[in-house]
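Working notes, structure below.
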Amino acid sequence: MKKFILLLACALSGLSAAAQDTGMALRLDDAQRIALDSNHDLRLALTALRNAQAGVRSADVGPNPLLTLQTVNINPSQGVGSGPLRSKAVDTTVRIDQQIERGGKRALRVENAQLLEQAARNDLGDVRRQMRLAVAQAYYDLLEAQERRDIVRETASLYQKTREAAVQRRKAGDIAGADVARVEVDALRAANDVNQVEAEVRRAQQTLALALGGLTGTSDLRATDAWPVPDPDLAYEAMADAAIANRADIRAAEARVRAADAALRLALSLRTRDVTVGVQAEHWPQNGANNQGSGNSVGVSIQIPLFLQNQFTGEIRSAQAAADNAAVALEKIRAAARSELIISASDARQAAIRLRRYDTELLAASAKSADAAEYAFRNGAAGVMDVLDARRTRRATLLEAAAARADHAKALAAWEAAKSNASGDQP
């Protein structure tokens, strides 16, 4: 008995100290704003957008001209003659060649890069949408863990009171020592539950901190928002098609389909021959070592590729396959978005119905049953098993209600994310 009292006192003293919750109080809106600045996935998506923007600049340039400096006709046996360097008997040429792209290749490259930038921008919007959902899920997990902690703390305190009443009744000879031992066992289990739920709170805090971007120094987070109010009558399925059409992931996939089409047209344009135009100035003086020099002269050239071995068939087929793949990916993303919206709407509605049943019926009934059993036990009108069963039922109902609130909040967040058309326009 003394050992039990010592263990229970230590557990309850820990409850008293832990009841003074400290840490960073955080609302869901505040958490979302922190994640917008620090979330790792969002920062990676922003980097991908900047890379796509750089791709547009790279695509909107033509080929560089080529400068050729050449000296030939150097005859070691006869020498290069006397006089200054300009009079040496060598043939020196300065030449510039410029490739001229045909078939609209540059415009097609720019179009493809701009569409890929648009896709990356919408990817950023979709990452922002998923980030909001992940933060909301982690936030509500923490809020549920905090509520579970409150419930088990209160339960442990009530078991202590029940134990005290059992001890008094045993002294009065009203109940057997075995019944007191049953109460003590449940009280110790409640103390263990406190330790377990404290660990759950810590895990939820770390998960939320990671979703916020690895928040350091303030990992002792505390969720302060109230639970969302359930509304089973909300039109969850309304505007499904409009919501799907405006989703960022759908717009990103559509942009990639158009980009793949531009890439296919760019591959086809490879069969339009580019030409290379060259101009040159030649200096080949005559002197005693060279009687064939032509002095100063100029020349022009044009180079036209001959498609004798490469007809660019592989490039065109690869671009066609990429276009087909982008079209299939768009269909898949649309189907997944529609399924996600339908499932999340159903989950949100059912979670709201379930939570309302707890709020309007089950919690009140379990509280009434537990209070009646507790009162009857203290006054000797009920056995110890009656009060323990009522207390267990009350505790289970409270924990189930907390889980129902978390399920409803997360289902509502998933539904809102499924119909969200978050934009990536703002980094």
* Ranked order, 244, 343 - accessible area, probe 1.4 Å, largest first -> 343, 244
* What's the local net charge at residue 138, with K and R +1, D and E -1, over the other residues with C-beta under 12 Å away? -> +1
* Structure fact -> Simple SL model, points at 7 angstrom along Cα→Cβ for residue 224 and residue 95; separation in nm is 7.7 nm
* Structure fact -> At R0 = 41 Å the Cβ-Cβ FRET efficiency linking residue 356 and residue 329, nearest 0.05, sits at 0.55
* Structure fact -> For residue 105, the accessible surface traced by a 1.4 Å probe with all protein chains present amounts, in square angstrom to the nearest 10, to 10 Å²
* **Whether the stretch 310-400 is rounded, prolate or oblate, judged on the alpha carbon gyration tensor where a/c under 1.5 counts as rounded** => prolate
* Asked: Taking +1 at the Cβ of each Lys and Arg and -1 at the Cβ of each Asp and Glu, which of 323, 370, 351 sits farthest along the dipole of the stretch 316-370 towards its positive end, judged by Cα position relative to the Cα centre?
  -> 370
* Structure fact -> The farthest towards the positive end of the charge dipole of the stretch 109-159, of the residues 136, 122, 110, given +1 on Cβ of Lys and Arg and -1 on Cβ of Asp and Glu, is 110
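The values are calculated or read from the model by the stated rules, or taken from the named source; none is laboratory data. These numbers were taken from a predicted model, which means no experiment stands behind them. All Cβ positions, even for glycine, are placed from backbone atoms using ideal geometry, and neighbour counts span all protein chains on display. The area values use the complete protein model at the heavy-atom level, side chains included, leaving out ligands, DNA and RNA. Shrake-Rupley method; radii C 1.70, N 1.55, O 1.52, S 1.80 Å.
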